[in-house]
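Contents: one structure, followed by commentary.
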Amino acid sequence: MFGQGLLKGLQITLQELFTKKVTVQYPEESLPLAPRFHGEFVLDVEQCIACSLCANACPNKVIEIETAKLDKKRVLTGYMMRLQYCLFCGLCVEACNKGAIRFSQKFEMAKYFRDQIPLILYKGEPPVQEEQGNTGITAGEAEGTEV
Amino acid sequence: MLRTEEITLNMGPQHPSTHGVFHVVLKMDHEVITEARPICGYLHRGIEKLAEARTYTQFIPYTDRLDYLAAMLNNTGYVQAVEKLMEIEVPERAEYIRVICCELSRIASHLIAVGTYSVDIGGITGFMYCLRDRERIMDLFEMVCGSRLTLSYMRIGGVAEDLPDEFIPALCQFLDEMPSRLDEYDGLITGNEIFQARTKHVGLLDPGVAINYGISGPNLRASGVFWDLRKNRPYSVYDRFDFEVPLGKRGDCFDRFTCRIKEMRQSLKIIRQAVEQLPEGPVMAKVPKVLKPPAGDVYHEIEGAKGILGYYVVSDGSNKPYRIHVRRPSFINLGFLNELCKGWKIADVVAILGSLDIVLGEVDC
Ligand code: SF4
Ligand code: SF4
């Protein structure tokens, strides 16, 4: 009989009316994010050894690292990400041996003006570093990997 | 019949049913199409050229941006090409994870194809139902790799990370619920008489012609040609799974549509088997930090969501590819559009173009 398919469709939509809603009223509620979610970046300045591995791993030259020499040791003086070019691929996070650069769960990154987009994760005086663990080796490595 | 003056109509570049920035110049006699000239290139980003300035690993995120509806498949095709060139053996577990992710990606891509096709024909409801379920696949991907659309999950030699603990239970739940959802689409879209009237016997694609034009994927199989690389030339571990290749009979729009729904059922079957057989072990082969494939070239093709997806990689022995070319199925499937549209009414152009399931990121590269 012609029209049977239409009735079937109506029956399905009617059934759907009584199931649980899947819509989330976003700004008021939000869904839980996966632990691995690729959100905004956070930098653990204490951990970062300014080796530039992350900057070299990036396909789009997003990361700009400024360093300074302090008692023959390379220290971080600036860490800036041009987020407008970022692909959120995670290659930088994967490249970091120290786990210094990580993704956070923050995804609301929209800005009103273009000059607000670059994400400055560190800027300023070289951090005073107490721990002396692997500085000898990493300073050598850093020389080799510098761009 | 009275012949009237031929008129030219631009469909696109901004037109909702071209699924992106795609332009067709239609020449019409009355409402009948006499020529449909596709113009592409509005989304050209020069991805093949960009590859030459990136290392082998750094190119992976760019493959996501080809067919952004099935990013896992694009990743896989590329990394397998490089693995073939470097003769890297991928661990078993990684192969199975790849299969699971690829088939999920195929379902996600077909859900968009099925849903948008329903919109093209005029049924908004079907689209909503498809997107509701696709969202769950996106959630699964988010668990695995942190991204929802541009996944960059595959690595040369394996996958980026092992599956998280919560993934398999969530996947099993999805596998249990999905078949009934597919029945819903059949009830909502496939069984709808208006939909059938618009798509059956429209845009017939002859199998011989389809082969000559290099058309592949569900579009080719809808014409009744048994050609699925997962069966005909198994790559990865696809030879270990038991699944069928759905074929169409007439090669019309309706067959192309139903082929995709049937393929989703087969993909679910493959995923279920892969989950059962999933071995333990590492997910990454031992590969050097800096990849320098030996000088030479390689061509590798896989069965993508839209058709045969091939990567041609030329290496000059350095850490950057000398040249990469991608055989993009959407682009090649479009080649026959003119012939396919000739003689049909203007409303059928939308039905025919939608049934080919193109994605403009892949057409333009
Ligand atoms: S790779 Fe890690 S430790 Fe090295 S500069 Fe980047 S964030 Fe710092
Ligand atoms: S996520 Fe990718 S594109 Fe963004 S900074 Fe890291 S490596 Fe670069």
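Residue B:239 passes every criterion in (1) more than 17 Å from the chain's Cα centre (by Cα); (2) closer than 30 Å to residue B:273 by Cα; (3) part of a loop (DSSP other than H, G, I, E, B) apart from (3). With respect to being within 10 Å of chain A (Cβ to nearest Cβ), at negative phi and surrounded by 14 or more Cβ atoms within 10 Å (Cβ to Cβ), residue B:213 falls outside the description. Kindly indicate which of B:8, B:55, B:63 is more than 18 Å from the chain's Cα centre (by Cα), within 14 Å of chain A (Cβ to nearest Cβ) and either modelled with pLDDT of 90 or more or more than 21 Å from residue B:218 (Cα to Cα) (or both). Result of the check over B:8, B:55, B:63: B:55.
With the structure loaded, tell me whether residue B:271 is outside any helix (DSSP H, G or I) and surrounded by 22 or more Cβ atoms within 10 Å (Cβ to Cβ) or whether it fails that test. Answer is no for this residue.
Could you please let me know if residue B:98 is more than 14 Å from chain A (Cβ to nearest Cβ), within 18 Å of the chain's Cα centre (by Cα) and basic (Lys, Arg)? Judged against the criteria, residue B:98 is a match.
Looking at A:131, A:28 in this structure, which one is more than 12 Å from ligand 2 (Cβ to nearest atom), modelled with pLDDT under 90, more than 25 Å from residue B:290 (Cα to Cα) and in a loop (DSSP other than H, G, I, E, B)?
Within the list A:131, A:28, the selection yields A:131.
In segment A:38-61, of all residues being of a type in the set (A, V, I, L, M) and within 10 Å of ligand 1 (Cβ to nearest atom), the one that is farthest from the other protein chains (Cβ to nearest Cβ) corresponds to A:45.
Residues that are buried (at least 21 other Cβ atoms within 10 Å of the Cβ) and in contact (Cβ under 8 Å) with a residue 24 or more places away in the chain: find the strands (runs of 3 or more DSSP E) completely inside segment B:1-66 holding 2 or more of those. Result: B:32-39. Considering segment A:64-88, and only residues there that are within 14 Å of ligand 2 (Cβ to nearest atom) and in contact with a Leu (Cβ under 9 Å, 6 or more places away or on another chain), the residue that is nearest to the other protein chains (Cβ to nearest Cβ) turns out to be A:86.
Within the set B:83, B:87, the sole residue that is charged (D, E, K, R), away from every other protein chain (no Cβ under 14 Å), buried (at least 17 other Cβ atoms within 10 Å of the Cβ) and out of contact with any strand residue (DSSP E or B) (no Cβ under 7 Å at 6 or more places or on another chain) turns out to be B:83.
The values are calculated or read from the model by the stated rules, or taken from the named source; none is laboratory data. Here the structure is a predicted model, which is why all the values come from computation and not from measurement. All Cβ positions, even for glycine, are placed from backbone atoms using ideal geometry, and neighbour counts span all protein chains on display.
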